[in-house]
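First comes the structure, then the notes that go with it.
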Amino acid sequence: MISSAHIAAGQALGGAELFYVRLVNALQERREPVLAITSPGGLISRRLRPDVAQEHVPMRGIIDLPSRWRIGAIVRQNQPDIVQTYMGRATRLTHLDRDRHALHVARLGGYYDVKGYRHAHAWVGNTRGICDHLLRSGFPASRIAHIGNFVDTPAAASPKRIAELRRQLDIPEDAIVLLAVGRFHPIKGFADLLTAFHLLGEAPRGRRATLVIVGDGPLQATLRSYACQLGIDRRVRWAGWQLDPQPYYELADLLVCPSHHETLGNVILEAWAHRRAVLATQTVGAMELATDDSQSWTVPAQDPQALSDGMRRLLLDDSLREALAASGRRMVDDHHSQQRIVAAYLEFYRWLVG
């Protein structure tokens, strides 16, 4: 068995942090020796299984020397085979001697400046594009692994739970529901989404359309004000940040991902896992996930009219949405299942150690 320590800084729960939680919990479920090193009081540690061994280090910044020393002391004390870091801060604070027992694996979920990653011993990119980015930057191909993300395969929510959620959100019984999930940041394209929803009109195919948005962030007030300016505020439901967004996917007829840039697109995988059709903009992540139109309907990014036309096309064709949903679920089962991704990590760890 390969023992591993996993280091992530920060208090919030974004896509990288949620994947960290899923991977550490999955390793623990397999009884692989695993240690989680996280910031104290953060949301990450609360989502880990209670039987996961944990250590807490502040990791306040990339030059937090006490945290760097503390991480080194924890590694020396526990002597894991692999120390895997997530994102820039944790990676920059982790420095392991090459002649020591542990090997440092840095996981990248974005096209980051590689200067803060060169000191690691090996690297994981969750897309082929990121791995190519590392290769172009001179990293050794033999120590780079392309290992994607996995999402949990959910049990279907009960009809009673979905009906209750519709009542809570005041969604008319006959309304068709579009869903968007994400952080309210300019790069996520929520202003384009609101414009596209306005262009769609109130009742495509004779059914009222309701847009449910799950998330929060610095643009929340701006986006709410913009919805009012467009006159669509009474048809938009702001669900806020949700610790468990699964019922919202079950509620939706269509998931819309309007990002200007997306390295991967975890919400696409989550929608597929729930057998929901996806309309996505043509970001590098979405185009890598959806290898053809049989899995996801894509339109140009930063083009609200194209996004609106895509919404209309999919809402008017139930059979097309069903086909996209089924194909997306097959993609998750075949390439982004927990079993496949965890096995890939363990195989890479064994190869490095061996």
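Where a number appears in this text, it was derived from the coordinates with a stated rule and is not lab data. Since the model is a prediction, treat every value here as computed from it, not as a measurement. For neighbour counting, all protein chains shown are included, and Cβ atoms are generated from backbone atoms with ideal geometry for every residue, glycine included.
Laid out as a table, the results:
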item	result
Filter result (in contact (Cβ under 8 Å) with a residue 24 or more places away in the chain and either in contact with a helix residue (DSSP H, G or I) (Cβ under 9 Å, 6 or more places away or on another chain) or surrounded by 17 or more Cβ atoms within 10 Å (Cβ to Cβ) (or both)) within segment 307-322	LEU307, SER308, GLY310, MET311, ARG312, LEU314, LEU315, LEU316, LEU320, ARG321
Residue satisfying all of: in segment 299-346; more than 16 Å from ILE176 (Cβ to Cβ) and outside any helix (DSSP H, G or I); farthest from the chain's Cα centre (by Cα) among these	ASP303
Among (1) in a helix (DSSP H, G or I); (2) more than 30 Å from HIS6 (Cα to Cα); (3) in contact with a Leu (Cβ under 8 Å, 6 or more places away or on another chain) - the single one LEU279 does not satisfy	(1)
Some residue of segment 90-112 being β-branched (Val, Ile, Thr), touching a residue at least 24 places away in the same chain (Cβ under 8 Å) and in contact with a Leu (Cβ under 6 Å, 6 or more places away or on another chain)	no
Those residues of segment 204-218 which are surrounded by fewer than 18 Cβ atoms within 10 Å (Cβ to Cβ) and either in contact with a Phe, Trp or Tyr (Cβ under 8 Å, 6 or more places away or on another chain) or outside any helix (DSSP H, G or I) (or both), in sequence order	ARG207, ARG208, ASP216, GLY217, PRO218
Qualifying residue in segment 92-105 (condition: in a helix (DSSP H, G or I), within 28 Å of the chain's Cα centre (by Cα) and surrounded by 18 or more Cβ atoms within 10 Å (Cβ to Cβ))	yes
Cross-chain or 6+ apart pairs with Cβ under 7 Å, segment 11-32 first and among the small types (Gly, Ala, Ser), then part of a helix (DSSP H, G or I)	ALA12/LEU43; GLY15/ASN266; ALA16/MET87; ALA26/GLN338; ALA26/VAL342
Single residue of ILE171, ILE187, ILE130, ILE147 found to be under 20 Å from ARG237 (Cβ atoms) and touching a residue at least 60 places away in the same chain (Cβ under 8 Å)	ILE171
Filtered residue count, segment 141-185, keeping only those that are closer than 18 Å to VAL214 by Cβ and part of a helix (DSSP H, G or I)	7
Hits in segment 250-274 - residues which are assigned to a helix (DSSP H, G or I) and either in contact with a strand residue (DSSP E or B) (Cβ under 9 Å, 6 or more places away or on another chain) or of a type outside the set (A, V, I, L, M, F, W, C) (or both)	GLU250, LEU251, ASN266, VAL267, ILE268, GLU270, ALA271, TRP272
Matching residues in segment 97-116 - criterion: being farther than 24 Å from ALA343 by Cα and not β-branched (Val, Ile, Thr)	ASP97, ARG98, ASP99, ARG100, TYR111, TYR112, ASP113, LYS115, GLY116
